[in-house]
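The values are calculated or read from the model by the stated rules, or taken from the named source; none is laboratory data. The shown structure was predicted, so the numbers you read here are calculated from the model rather than taken from an experiment. For neighbour counting, all protein chains shown are included, and Cβ atoms are generated from backbone atoms with ideal geometry for every residue, glycine included.
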Amino acid sequence: MTIFIVDDEAWIAIGLKKLIEKSGLPFQVIGEAKDGITALKEIRRLNPDVVLTDIRMPGMTGLELLEQITNDTSLTAKVVIISGYADFEYARTAMRKGSYDYLLKPVKQDDLNTILKKLHNAQTNSEATDETPLSSKNLSKQPSLRSILEEMQQDYTKDISLTKLAKKYGISSGYLSMQIKQELGISFSEYIATKRMQKAKELLQNETLSVSEVANAVGYHDYFYFTKAFKKLLGISPSKYRKDLPKK
């Protein structure tokens with residue numbers, strides 16, 4: 001598996017490369033960047049499996065980089081956020097926004113190894129045939145978890161549900177729920193809600209769209225439910241969010 005490192009402090013990047021080499025796991029560092037803007041260009045060019053990124057960086061923060069990667073359907077990289085104790089709340093925010101995991105500085109070998117092993121096992125399992133408790137189908141016909149995650153990423157604005165996905169792929173919803181939580185660090189519903197709200201924030205910048213139209217565009221056909229969900233996740237209503245946007 002390939003890794004791209006993003007950190008504005010060269011000595012930290014060097015240290016991470018050494019820790020990755022010492023892990024003994026099949027990971028290869030294929031690129032580095034000192035800021036988020038450069039990193040995004042290189043990540044789009046190289047399409048690594050994993051991105052290790054600091055939170056505080058010039059030009060584009062680690063959270064902003066995470067959002068760009070998550071919203072780009074051509075990228076499949078799993079993002080691991082690196083933060084200091086002072087930035088721990090940012091790390092928690094990153095997990096809600098779709099970060100695969102996070103590491104606290106100074107990064108310890110054991111902590112990194114744990115995440116690398118989880119990444120490697122997830123990759124191995126997604127490439128192998130998935131055996132599920134409620135299916136007697138030929139194992140070679142079972143979908144990989146990656147295929148399901150890709151469908152979630154692409155169809156999050158549609159009428160998508162855990163039950164429908166499980167039925168479509170012939171597995172139990174309980175098993176699928178467990179696998180998604182293990183892979184993403186958050187539940188299916190949390191992931192879909194986060195993706196929808198990220199898109200809603202973009203659409204709210206277009207004042208030609210009503211809030212109701214934005215709600216429909218991101219998969220909510222009940223205006224009041226959308227408003228409630230938006231406020232629950234972001235702390236303010238969509239109307240207040242739009243009102244507070246910088247005037248062009």
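Assorted remarks:
- Any hit, segment 180-195, residues being more than 30 Å from Ile81 (Cα to Cα) and not hydrophobic (A, V, I, L, M, F, W, C): no
- Residues satisfying the stated conditions in segment 226-248, i.e. touching a residue at least 40 places away in the same chain (Cβ under 8 Å), surrounded by 14 or more Cβ atoms within 10 Å (Cβ to Cβ) and over 12 Å from Ala193 (Cα atoms): Tyr241
- One residue stands out in segment 207-225 among those that are without any contact (Cβ under 8 Å) to a residue 24 or more places away in the chain and either hydrophobic (A, V, I, L, M, F, W, C) or assigned to a loop (DSSP other than H, G, I, E, B) (or both): the one that is surrounded by the fewest Cβ atoms within 10 Å (Cβ to Cβ), namely Thr208.
- The selection criterion, being within 19 Å of the chain's Cα centre (by Cα) and of a type in the set (Asp, Glu), holds for Glu190.
- Residue check, Thr114 exposed (fewer than 15 other Cβ atoms within 10 Å of the Cβ), modelled with pLDDT of 85 or more and in a helix (DSSP H, G or I): yes
- The numbered conditions (1) of a type outside the set (Asp, Glu); (2) loosely packed, with under 14 Cβ neighbours inside 10 Å; (3) within 24 Å of Lys247 (Cα to Cα) are all true for Arg196 except (2).
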